1. Residue 89 versus (1) modelled with pLDDT of 95 or more; (2) over 15 Å from the mean Cα position of the chain (by Cα): which is the lone unmet condition?
2. Between a first residue in the stretch 33-45 that is under 13 Å from residue 11 (Cα atoms) and a second residue that is hydrophobic (A, V, I, L, M, F, W, C) and surrounded by fewer than 13 Cβ atoms within 10 Å (Cβ to Cβ), which pairs have beta carbons less than 9 Å apart while being 6 or more apart in sequence or on different chains?
3. Tell me the residue from 84, 54 that is among the aliphatic types (A, V, I, L, M) and modelled with pLDDT of 60 or more, please.
4. State whether one or more residues within the stretch 26-40 are more than 10 Å from the chain's Cα centre (by Cα), of a type in the set (Asp, Glu) and surrounded by fewer than 17 Cβ atoms within 10 Å (Cβ to Cβ).
5. Which members of the stretch 47-67 meet the condition of being farther than 13 Å from residue 21 by Cα and assigned to a strand (DSSP E or B)?
Amino acid sequence: MKIHIEYCERWNYHPQFDRVSKIIKEINSNINIEGNLKQPRSGSFEVEVNGKIVFSKFKTNKFPTKSEVESWIGTLPKWHYNFVASYLQLNL
């Protein structure tokens, strides 16, 4: 799973990027999270999961809640993801 978060640097949204990243890593530390890959738009906080926008501050006028973040990636514990990955590697 790949997550890209575009966040406005001008309005100091970096702490929100850190907060959302921490929630994701608590669920699964193997998820790849990228921050701004290019100059961000003013006021932006948009989250893409595997290339699909799942959250936009432009549309909601707020930052995502913990439950919203969990809904993007599921709330299964880390061991579950690791177990499934190991199983697939052994059985393919």
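The values are calculated or read from the model by the stated rules, or taken from the named source; none is laboratory data. The structure presented is a predicted model; accordingly, all values stated were derived computationally and were not measured. Cβ placement follows ideal geometry from the backbone for every residue including glycine, while neighbour counts extend to all protein chains displayed.
1. (1)
2. 41/58; 43/58; 44/58; 45/58
3. The match here is 54.
4. yes
5. 52, 53, 54, 55, 56
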